[in-house]
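Participant: Right, I'll just put the structure down here and ask away after.
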């Protein structure tokens, strides 16, 4: 099995407590994912491609959000393992399909060959399809924690809405349609709220729901947080595409510009994008103001999303 590739914590969010929490939760989701893939499966090449896409490491930002949200409403990280694995399976599927020749045509992901390069295009497509189905299988069949059927249904609904025609896939379609154009910032924000922000929002909501006792007020605050944090993540991603090297990010530097993608840096300029990043990061923090100290890791994670270097 592959071991996780850990990512350094940005300086401003490098308090020892957060550093320990980050490494601990990254290891926790890695172990949970290893358990998922330790069970007997079908066709071995398909299984190998799925494992390659999921277990090769990464920052695990979405599972981290799952865990932090569970803790923010007074739960424990252990109750959120299934939700963390489910959102990571959806994320991995989306990356496999994003990298395909018909989409972004990327050959490098996390410093390694992309799935269709490592295996072949057909196997990569099928691996993405299988990971998408696996995410919902995990939520539907979970026995730990023992949640009310209505809560489990709510979790499945959150992930389905975030993943499909009204969420991530819709955003991907908008991204393709916007290639070569300079959309208004409002259109760009809407595209990224769907393409990137929807799954980030679902991660936060699933984490809170996995506790079985999140209140409507807490869920509303966490959704506001997640919407701002999702934009923060995407804006920083666009800035890194301009400023960070391939050696640091594990992705081809400047690939968005070469592909004439609509990004925050292309629409607002680098400095304008940085100002917008500061604003939405502040919005994310403000959304958590009525939550107690149990949300501290979520607050630091929002800072981490905005300051990461890869």
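Participant: Are any residues in the range 184-241 buried (at least 24 other Cβ atoms within 10 Å of the Cβ) and outside any helix (DSSP H, G or I), and if so, which ones?
Facilitator: Selection gives 210 alone.
Participant: Among the residues of the range 19-51, what is the count of those that are surrounded by fewer than 21 Cβ atoms within 10 Å (Cβ to Cβ) and within 18 Å of residue 128 (Cα to Cα)?
Facilitator: Of the residues in that region, 11 qualify.
Participant: Can you tell me which residues in the range 99-122 are outside any loop (DSSP other than H, G, I, E, B), in contact (Cβ under 8 Å) with a residue 60 or more places away in the chain and surrounded by 18 or more Cβ atoms within 10 Å (Cβ to Cβ)?
Facilitator: Of everything in the range 99-122, those that are outside any loop (DSSP other than H, G, I, E, B), in contact (Cβ under 8 Å) with a residue 60 or more places away in the chain and surrounded by 18 or more Cβ atoms within 10 Å (Cβ to Cβ) turn out to be 109, 115.
Participant: How many residues are more than 15 Å from residue 76 (Cβ to Cβ) and in contact (Cβ under 8 Å) with a residue 60 or more places away in the chain if we restrict to the range 140-155?
Facilitator: 4
Participant: Something else about it: Does residue 77 meet the test of being touching a helix residue (DSSP H, G or I) at 6+ places or on another chain (Cβ under 7 Å), modelled with pLDDT of 95 or more and more than 23 Å from residue 118 (Cα to Cα)?
Facilitator: On the way: touching a helix residue (DSSP H, G or I) at 6+ places or on another chain (Cβ under 7 Å): yes; modelled with pLDDT of 95 or more: no; more than 23 Å from residue 118 (Cα to Cα): yes.
No, not satisfied.
Participant: Can you work out which of the residues in the range 52-61 that are modelled with pLDDT of 90 or more and under 17 Å from the mean Cα position of the chain (by Cα) is surrounded by the fewest Cβ atoms within 10 Å (Cβ to Cβ)?
Facilitator: Once the filter is applied, the top-ranked residue is 55.
Participant: Might you check whether a residue that is at pLDDT 90 or above, within 16 Å of the chain's Cα centre (by Cα) and within 24 Å of residue 301 (Cα to Cα) occurs anywhere in the range 176-190?
Facilitator: no
Participant: For the range 123-152, how many residues meet the condition of being modelled with pLDDT under 95, in a helix (DSSP H, G or I) and surrounded by fewer than 17 Cβ atoms within 10 Å (Cβ to Cβ)?
Facilitator: Total meeting the criteria: 5.
The values are calculated or read from the model by the stated rules, or taken from the named source; none is laboratory data. If you're wondering where the values come from, they're calculated on a predicted model, not measured in any experiment. Virtual Cβ from ideal backbone geometry, glycine too; neighbours counted across all protein chains shown.
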